[in-house]
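Data block below; observations after.
What follows is calculated from the coordinates using simple rules that are stated; it is not laboratory data. Keep in mind that this is a model prediction, so the values were computed, not measured. We place every Cβ from the backbone using ideal geometry, glycine too, and count neighbours over all the protein chains shown.
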Amino acid sequence: MQILTRSIPLFITAVAGVVMILSAFFPYTSDWGKFAGQFFNILAAFAFVLGGGNLLKLHLKKISDQRPGWAYSGVVLVCFIVTLFVGLMKIGAYPNPTYPNVHFSGETQGSGSMFWWFYEYVFKPLTSTMFAMLAFYVASAAFRAFRAKNFEAILLLGTAFIVLLGRTFAGVLATGWIPPDSAFSGLRLENLSVYVMQVFNTAGTRAIMIGIALGIASTSMKIILGIDRSFLGSGD
Amino acid sequence: MIKLLENLDRRWIFLAMALCVSVPILVIGLTGVTFPETPTPLAEAFFAEVDRAGEANGRQANVLIALDYDPASAGELSPMSASLVNQCAQRGHRMYFISLWPVGPQMIDDSIQKVIKRFYPELVYGKDYVNLGFKAGSEQVIKVMGVDLTAEFRTDVEGTMLSEIPMMEGITSLEDFDLIAEISAGYPGSKEWVLYAATQYDIPLVSGMTGVQAPQNYPYYPTQMQGLLGAIKGAAEYEFIVNAYVRENIVRKMLVKNGIDDETSRTLASDLDQIPTWTTTAAAASMTPQAKADLIDAATGATPGEFLEGQRRMGPQLFAHLLMVLLIILGNVIFFAQRRRGGSA
Amino acid sequence: MSSSVSEPMTSAQRAIWAIVCLVIVLIVVARSFVGHGMGRVYVEPKPMDFVAEVSESADGESASTVDWKQLPPTEFAAYVAANPGTETISWVEYDQVPPRSYFAQETAGGGPIVFSWPRTIGLWLAAFFTLAIFSFLYRDNPFYKFAESVVVGVSAGYWMVVGFWDTIVPNLLQRLLPAFSKEYLTPGMELPAGGFDMVNLVFLIPLVLGLMLVCRLLPKCGWMSLWPLAFIVGTMAGLRMVSYIESDILVQTKETVIPLYVQGDNTSSTFMLVWTTIWSSLAQILLVIGVLACLVYFFFSVEHKGAVGKTARVGIWYLMITFGAAFGFTVMGRIALLAARVEFLFDDWMWLIDPMQQREFITASVGLLF
């Protein structure tokens, strides 16, 4: 069992990693990298199936255990199965006009199909409103949590003000009196926000970026060499 | 007063935010008035890069347009997509649409319906633009496209083999594109296109992105990313530039079509306000009254609402930002008042 | 998200909220009965008619081929009348049109544009879901919970469907089952010479790995998913290692090693030239100092004391400015998303505003009354 759950997976990881690295350096190995990439992409599509299966399993269990809110799990399952069915069967989708006799030849998400209807009138309003809600919570958080307790916090808040005002017409209204071609035009809020982004933000983000890249490179190396095996669930 | 603010129910803050956003939308929606935009260098660079695509190779540009977002971020990004497609269509670039997000094909479809089908009906699918749809695999899709595009994208979104699509002739990998124009809402998005396409193959890349992503991508500008649009402000600026360009281009084409020489047409198109007066002069005598009316309409008529989405949203943006600043100041006033009283923060 | 609120609502506050809700309901009710109403979708039918054209094979032995030809509705009727035995396929597609077109048609005395029940119901459902999610702002409630459950189910189904039709069918089934795919799924594909390309047998590998991945759902076969997982992790590690070193370490380091003196671009006067030179050079100097100071702050192998400590402190200042900028941009993004949803309610559903000129002036004017 150790061979199946440890040795072979580690071998697969090492080979797959080395293939990808080689394909970046040697032109005649680029096809290996291409195949590995294609396999990966097909596996990514299977991951959607795994995700759906997991959802099914989780909510079926919730219903069978009659846990609090199990009726909502029923809603999840019904929506999942109906969407899956109308999508896979292309219910109401028009065939490709070149092949009108082949039902499945048309576009899955084409306008007018039931799958499109689910997207347009269910998926789209729900997902976009979920994200839109964050505007309210960020306002509440700004009122409750942003305190100018020390110099660092003042810097953070000051920058936030410059960006918030400088990226709207408020910036023009507040500092529009500074002539745009004068020596002090850089102090106009809209220019100041550009300066902050291109100098201070770029410097800070670049340092974070270099740090993260070093971390990713070293972690990747450890994974390929089999030193980091945490993804196998061993914990070592 | 301080006591009242200390115990303020957060639902009042929610209501204030709702009003700050909805009232300006109503007012702008009914009056059609938007705030003037002053484009920043990043938006200008984005426009210029799209404009000069293909010039280095001396051909009609092949622009890969990757719309990597979903409806959740469409509020910020769809104005960018619309203006990008508007500029490419007006400039005569060939457009290859793809997406690394499962819902991306709908975003592509929206852009095609909203811009190409409505304002450029003369463009032919398969010759001027093609929708290659979505592929799972995130950055690995970019990796495979770098080696062999047809290995990953075998058909377009309608199931037609790429070999049967005229504009796919000669397109075998990412290196056959003159520009990658990408609109991104997260992972996979701008960063992945920088890492696996722009840096590796040295292909020009411009990217529009959400406000959350924009600060993280500034270090890539201008070496690895030649243009960057951040959040709705970036969208509004770019929209403003593209609208001006499109109007100027349409007017110039109309003048040339009516027999006005290229030099004069360019001069006139660069100062649209003088068009109504110019049509009354002897220089415009060769034009028919209908042609003159069309020219004046093109020069001074209203911009279609589809291309003002970003600029319209800058109205609610202004008031909501002012509310945010006010809330932060109020929160701090309470904090310092509490501290003075010796209470805990 | 949590449903907790800072303080319980007083009865006066509840009354105010009730009034707010009532005002919204009244606007919707009034708007429904004034002018052309609200929230309606109109479509124009587009008949799609095809006739089969059978061409006999040249040798008379091999099977005859059938080509489908699309005909305009008038020609179609005539063709069918002239060729009674012809096989035909017909359906009707519907293109959404702006309400303005329908109103114009009604004024002119009729036409093909019709009211669409499925899309109108959909539009009202979309408005209901939007308000159901917003209702969470007041407090957690069954409408929100219902909407939340719907989005989870639909999203999972949506991704599976797209993954299947956009990736598994063209990239896997077309290669492993070309004849079946051409016959039933993607008739536009080209069959390889001989009906099957032996090189494509290599795609059995992702098929097997994919099935092993799905085995994670089965309790006793869970270990099988480790193989595809190992493949996923290995390929990503290999791909990322090289690209991150090239892009985020080498290029970004190179971009930091830059000239600290930059000639200004404003040559209108000597003063402006000197001034812009100072600003441009200062930007470069501050950039280099910032990157180095932040890197020193991230370097934890040396104790942050003395010169290192002071430099690290400068690094913290830069990072605070970075986080402040990130906060500002995040706020900007969130508000734009909210604006888009409010626009949907006001424009598509309530017909209060009309930025895309979809309706007509009278409808917009009615909107103005509110």
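Please give the calculated 222 nm ellipticity per residue for chain C, where each DSSP H segment of at least 4 residues contributes -39500 (n - 2.57) and the sum is spread over every residue; nearest 500 deg cm²/dmol?
Using -39500 (n - 2.57) per qualifying helix, the result is -17500 deg cm²/dmol.
Using modelled backbone amide H atoms (1.01 Å from N, in-plane), which distant-in-sequence or interchain residues come within less than 5 Å of A:Asp228's amide H?
Excluding prolines and chain starts, which carry no amide H, the hits are A:Ile223.
Can you work out D for the range C:259-349 in µm² s⁻¹ from Stokes-Einstein, where Rh is the Kirkwood radius over C-alpha pairs, the temperature is 10 °C and the viscosity is 1.306 mPa s?
95 µm²/s
Name the long-range amide H neighbours of C:Trp351: under 5 Å, sequence gap of 5 or more, or other chain; modelled H, no Pro or chain starts.
Excluding prolines and chain starts, which carry no amide H, the hits are C:Gly39.
Over the range A:32-189, how many pairs of lysines fall under 28 Å by alpha carbon, counting only those 8 or more apart in sequence or from different chains?
4
For the charge dipole of the protein assembly as shown, defined by +1 on Lys and Arg C-beta atoms and -1 on Asp and Glu C-beta atoms about the Cα centroid, which residue among C:Gly210, C:Gly110, C:Thr130 has the Cα displaced farthest towards the positive pole?
The listed residue farthest towards the positive side: C:Thr130.
Let me know the whole percent of all Cα-Cα pairs from the range B:1-45 that are separated by more than 18 Å.
Cα-Cα pairs in the range B:1-45 separated by more than 18 Å: 59 percent.
Treat every Asp and Glu Cβ in the range A:136-232 as -1 and every Lys and Arg Cβ as +1, leave all other atoms uncharged, and give the resulting dipole magnitude about the Cα centre to the nearest 20 debye.
Roughly 320 debye for the range A:136-232.
Once phi is turned into θ = phi - 60°, what whole-Hz ³J(HN,Hα) does the Karplus curve with 6.51, -1.76 and 1.60 give for every residue of the range C:332-349, x standing for Gly and Pro?
4, x, 4, 5, 4, 5, 5, 4, 5, 6, 5, 4, 4, 5, 6, 8, 5, 8
Along the range C:154-165, what does the Karplus equation 6.51 cos²θ - 1.76 cosθ + 1.60 (θ = phi - 60°) give for ³J(HN,Hα), rounded to whole Hz, x for Gly and Pro?
Once θ is set to phi - 60°, the couplings for the range C:154-165 become 5, 4, 4, x, 4, 5, 5, 4, 5, x, 5, 6 Hz.
Return the long-range amide H neighbours of C:Val262 (sequence gap of 5 or more, or a different chain), with a cut-off of under 5 Å between placed amide H atoms.
C:Ser281
Calculate log10 I(q)/I(0) of chain A for q = 0.10 Å⁻¹, where I(q) comes from the Debye formula with a single equal point scatterer on each Cα and nothing for solvent.
With no solvent term, the Cα-only Debye profile gives -1.04.
Using the Karplus curve 6.51 cos²θ - 1.76 cosθ + 1.60 with θ = phi - 60°, what ³J(HN,Hα) values do you get for each residue of the range C:197-213, in whole Hz, with x for Gly and Pro?
9, 4, 4, 5, 4, 4, 6, 5, 4, x, 5, 5, 4, x, 5, 5, 5
No partner Cβ under 4.7 angstrom, meaning no disulfide-compatible partner by this rule: which Cys of chain C qualify?
Cys with no partner Cβ under 4.7 Å: C:Cys21, C:Cys294.
Quick check for me: using +1 on Lys/Arg Cβ and -1 on Asp/Glu Cβ, what's the dipole size of the range A:2-133 about its Cα centre, in debye to the nearest 20?
About 400 debye.
Please work out the ratio of the alpha-carbon Rg of the range A:136-232 to 2.2 N^0.38 Å and round it to two decimals.
After normalising by residue count via 2.2 N^0.38 Å, the value is 1.63.
If you average 1/r across every pair of different Cα atoms in the range B:41-241 and take the reciprocal, what Kirkwood value do you get, in Å?
16.3 Å
Using only C-alpha atoms and all pairs of different ones, pull out the Kirkwood radius for chain B in Å with one decimal.
After inverting the pairwise mean of 1/r, the radius is 22.3 Å.
For the range C:42-99, how big is the tail of P(r) above 13 Å, as a whole percent of Cα pairs?
Taking all Cα-Cα pairs of the range C:42-99, the fraction more than 13 Å apart is 67 percent.
What is the magnitude of the charge dipole of chain A about its Cα centre, with +1 placed on the Cβ of each Lys and Arg, -1 on the Cβ of each Asp and Glu, and no other charges, expressed in debye to the nearest 20?
Around 580 debye, computed over chain A.
Cross-link partners among aspartates and glutamates for B:Lys253, C-alpha distance below 16 Å, same-chain residues fewer than 8 apart left out?
B:Glu122, B:Asp261, B:Asp262, B:Glu263, B:Asp271, B:Asp294, B:Asp297
Work out the charge dipole of the protein assembly as shown with +1 on the Cβ of Lys and Arg and -1 on the Cβ of Asp and Glu about the Cα centre, then indicate which of A:Phe40, A:Ser140, C:Val80 is farthest towards its positive end.
A:Ser140
Which one of B:Leu268, B:Pro304, B:Leu326 has its Cα pushed farthest toward the positive end of the charge dipole of chain B, where Lys and Arg give +1 and Asp and Glu give -1 at the Cβ?
Sorting the options by dipole projection puts first B:Leu326.
Debye sum, Cα scatterers, chain C, no solvent: what log₁₀ I/I(0) at q = 0.07, 0.08, 0.15 1/Å?
Summing over Cα pairs of chain C leads to -0.77, -0.97, -1.29.
Based on the alpha-carbon gyration tensor of the range A:2-133 and its eigenvalue square roots a ≥ b ≥ c, which shape applies: rounded if a/c is under 1.5, prolate if not and a/b is larger than b/c, or oblate?
Cα axes put the range A:2-133 in the oblate bin.
Taking Cα atoms of the protein assembly as shown, Rg/Rh with Kirkwood Rh, to two decimals?
Radius of gyration over Kirkwood radius for the protein assembly as shown works out to 0.97.
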